[in-house]
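Okay, structure first, notes after.
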Amino acid sequence: MSQVSDAATEATARAANAPLIQVKNASRSFRLGSETVYAVRNVNLDIHRNRFVTLVGRSGSGKTTLLNLLAGLDHPNEGEVLFEDRDLAKFSERDMIHLRRNRVGVVFQSFALLPLLSAYENVELPLRIAGVSARERGRRTDEVLEMVGLTRRARHRPFELSGGEQQRISIARAVAIQPDIILADEPTGELDSTNASNIFGLFQQMSRDRGMTVVATTHDRTLLDMADEIYEISDGVLSQRAGANEDPETLFMRPDE
Ligand SMILES: Nc1ncnc2c1ncn2[C@@H]1O[C@H](COP(=O)(O)OP(=O)(O)OP(=O)(O)O)[C@@H](O)[C@H]1O
Ligand SMILES: [Mg+2]
């Protein structure tokens, strides 16, 4: 019996150490008339669990395109993106719905809040759709609104909120579903430096204490030190830089490289 349970424990431990998302030789190009734009070029990237990863790059460098590939919202023309070892391009519609409702929280660069709903309702709606009980919905919605400092704006509709407040609501909405991973596209683009570092602090805490993985893109280099791993993208080409919590000794000595 102990052999069976040992094997099971080992399999669980292996799964916990395996990357949540793996990008393998992925390229994404767009054809515009006779021209081909390479937004992501031959990218290899492992996203490990409980890590806070940032992706930095200039405007047009390919950040949103790569994040969309990680979310399964778009697929590479070449290569593949695996979520728990399964090719996202082969997910059925049902699998994708499950992924979006329960496992992957996306913070869009454009916020994507529903204009007719209040801040509170925008956060609560995905929980309703995911079938979370009324009591738990109320608890979580209150909690995440407080986390982003917007309890007092709960009844406001998006147009009654500033850009930064809308941005924080869209972050709260992604956190509330308690996903395995949050993919956040320029989540601090509209925020002042204090709010921006609060949001990055929140991501740090989510990855350390709540078992979440966070990938956030940013233009803001002052925030990078808060991440465990930093990647830079330039013209669609990805490279890694040492993160604050990355041991530089091991960074260039990964066994799989
Ligand atoms: N649907 C599309 N059709 C054609 N070209 C596209 C498409 N999406 C992105 N691109 C091009 O791919 C490149 C990367 O775009 P992407 O949106 O990923 O950049 P980004 O790093 O997110 O920029 P920003 O910081 O401004 O948000 C750009 O040159 C862009 O014009
Ligand atoms: Mg972008």
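Throughout, read-outs are computed from the coordinates displayed, never taken from laboratory work. Just so it is clear, the model here is predicted, and its values are computed rather than measured. Heads up, the Cβs are rebuilt from the backbone with ideal geometry, glycines too, and the neighbour counts pull from every protein chain shown.
I'd like the distance between the alpha-carbon centres of segment 12-52 and segment 99-158, rounded to an integer number of Å.
For segment 12-52 versus segment 99-158, the Cα centre distance is 28 Å.
Which of PHE91, PHE108, PHE203 comes first, and how do the rest follow, when ranked by fewest Cβ neighbours within 10 Å?
Details: PHE91 16, PHE108 20, PHE203 27.
Taking fewest neighbouring Cβ atoms as first place, the list is PHE91, PHE108, PHE203.
Suppose we keep just the DSSP beta bridges with both residues in the chain; what percent of those would be antiparallel, to 5? Don't skip to the end; give the middle numbers.
Values: 21 of 38 bridges.
In the chain, DSSP labels about 55 percent of beta bridges as antiparallel.
Rounded, prolate or oblate for segment 6-151? Axes are the square roots of the Cα gyration tensor eigenvalues, ordered a ≥ b ≥ c, and the cut-off for rounded is a/c under 1.5.
Working: a/c = 2.00, a/b = 1.25, b/c = 1.60.
In terms of gyration-tensor shape, oblate.
Taking the Cβ of each residue in SER27, SER61, SER234 as the centre, tally the other Cβ atoms inside 10 Å and list the residues starting with the fewest. Don't skip to the end; give the middle numbers.
Details: SER27 16, SER61 22, SER234 13.
Neighbour counts put them in this order, fewest first: SER234, SER27, SER61.
On full extension of the chain, what length is gained from THR194 through ILE97, given 0.36 nm per residue of separation minus the C-alpha to C-alpha distance? Intermediate values should be presented prior to the final figure.
On the way: separation 97, 0.36 × 97 = 34.92 nm, distance 3.52 nm.
Using 0.36 nm per residue and subtracting the Cα-Cα distance, I get 31.4 nm.
Work out how much length THR12 to SER234 would gain on full extension: take 0.36 nm times their residue separation and subtract the Cα-Cα distance, in nm to one decimal. Intermediate values should be presented prior to the final figure.
On the way: separation 222, 0.36 × 222 = 79.92 nm, distance 3.67 nm.
Here the segment from THR12 to SER234 would lengthen by 76.3 nm.
Which ordering of LYS90, LYS24 is given by a fewest-first count of other beta-carbon atoms within 10 Å? The partial results should precede the final answer.
Numbers: LYS90 10, LYS24 16.
Listing LYS90, LYS24 from fewest to most nearby Cβ atoms yields LYS90, LYS24.
Provide the gained length on full extension for the span ARG157 to LEU117, in nm with one decimal, where the gain is 0.36 nm per separating residue minus the Cα-Cα distance. Spell out each step's value before the answer.
Numbers: separation 40, 0.36 × 40 = 14.40 nm, distance 0.59 nm.
The span from ARG157 to LEU117 would gain 13.8 nm if fully extended.
Let me spell out the model: positive unit charges on the Cβ of Lys and Arg, negative unit charges on the Cβ of Asp and Glu, origin at the Cα centre of segment 15-251. What dipole size does that give, in debye rounded to 20? Could the numbers behind the result be given before it?
Details: 29 positive and 33 negative charges, 165 e Å.
Roughly 800 debye, rounded to the nearest 20.
Please label the shape of segment 133-208 as rounded, prolate or oblate, based on the square roots a ≥ b ≥ c of the eigenvalues of the alpha-carbon gyration tensor (a/c under 1.5 means rounded; beyond that, a/b larger than b/c means prolate, else oblate). Working shown, then result.
Values: a/c = 1.80, a/b = 1.09, b/c = 1.66.
Taking the square roots of the gyration eigenvalues as a ≥ b ≥ c, segment 133-208 is oblate.
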